[in-house]
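Data block below; observations after.
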Amino acid sequence: MNIEELLEHVYEDLNGQITSVDSTGGLVVNYECDDWNDYGKTRKFIITCVDVKESDIREFPSGDIDFLSEHQLLWNHNEPHGYLYYSSEPKNRYEILGRVWEAHELALKGWRPLTDYANTYHAGQFIEFCKDSNGLLARGPKPILEKYRKAIAGLVTTNYVPSYTPDGGYKALIFDDGFVICKSVVVVELGCS
């Protein structure tokens, strides 16, 4: 069975659960769910993630599984990165921060914190955001920086400066609110019990 076949069969009402995660020699997820043909039986799988770049996964119930090549979690690993600078003095830096926060939450839906990208910390001072007439507003993948830029258009002048493009080719294996960023996965069905 491959991941696409597993995704085709698994749905929320099958009482899916990640029973263990082992990251000693790669990342291996033990997953089980009710059998989709006989609800009195349990199907068990080993999902091995290949070339793992990032993961936030643990043992927990998980009814939904997705394996996606397009997802906001992948921006860090597949999209060009850069810096978003501002070059005019904002009238209200808290309005700028609020608009950036709103754009961030709408785009990332809680998957990553604002502090991963927005320049809110400087030399031991928390909330040092847009204090002067120029500086770094945020750094990170271009798609989120473009969302920030759009959200504050007309309030402050911004400039995007590219920095690097990651190798890319990663996909997101998502279990409800846990994820693994990897190149591919191998699924082995252990059978029913």
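The values are calculated or read from the model by the stated rules, or taken from the named source; none is laboratory data. Keep in mind it's a predicted model, so treat the numbers as computed, not measured. Here the Cβ positions follow ideal geometry from the backbone for every residue, glycine too, while neighbour counts run over all protein chains shown. Each accessible area value is taken on the protein alone, full model and side chains, heavy atoms only, with ligands, DNA and RNA left out. Shrake-Rupley method; radii C 1.70, N 1.55, O 1.52, S 1.80 Å.
Just one of the listed residues (Thr115, Thr120) is open to solvent by less than 30 Å² (accessible area, probe 1.4 Å) and either within 27 Å of Ser23 (Cα to Cα) or not assigned by the TED database to the domain that holds Cys33 (or both), and it is Thr120.
So if I check each of Val186, Val161, which one is outside any helix (DSSP H, G or I), surrounded by 12 or more Cβ atoms within 10 Å (Cβ to Cβ) and either at pLDDT 95 or above or of a type outside the set (Lys, Arg) (or both)?
After ruling out the rest, the residue left standing is Val186.
Consider Ile144 carefully, then state whether it is within 17 Å of the chain's Cα centre (by Cα) and in the same structural domain as Cys130 (by the TED database). Taking the combined requirement at face value, the residue satisfies it.
Any chance region 4-15 includes a residue that's within 29 Å of Gly169 (Cβ to Cβ), in a helix (DSSP H, G or I), among the aliphatic types (A, V, I, L, M) and open to solvent by 40 Å² or more (accessible area, probe 1.4 Å)?
So the first thing to find is which residues in region 4-15 are within 29 Å of Gly169 (Cβ to Cβ), and the list is 4-11.
From the residues that got through so far, the ones that are in a helix (DSSP H, G or I) too are 4-9.
With among the aliphatic types (A, V, I, L, M) added as a condition, the list becomes 6-7.
Going one step further and asking which of them are open to solvent by 40 Å² or more (accessible area, probe 1.4 Å), we end up with 7.
Yes, region 4-15 contains at least one residue that is within 29 Å of Gly169 (Cβ to Cβ), in a helix (DSSP H, G or I), among the aliphatic types (A, V, I, L, M) and open to solvent by 40 Å² or more (accessible area, probe 1.4 Å).
There is no residue in region 58-80 that is surrounded by fewer than 17 Cβ atoms within 10 Å (Cβ to Cβ), touching a Ser or Thr at 6+ places or on another chain (Cβ under 9 Å) and on the phi > 0 side of the Ramachandran plot.
Hey, does region 25-35 have a residue that's polar (S, T, N, Q), modelled with pLDDT under 90 and open to solvent by 30 Å² or more (accessible area, probe 1.4 Å)? No, there is no match, as no residue in region 25-35 is polar (S, T, N, Q), modelled with pLDDT under 90 and open to solvent by 30 Å² or more (accessible area, probe 1.4 Å).
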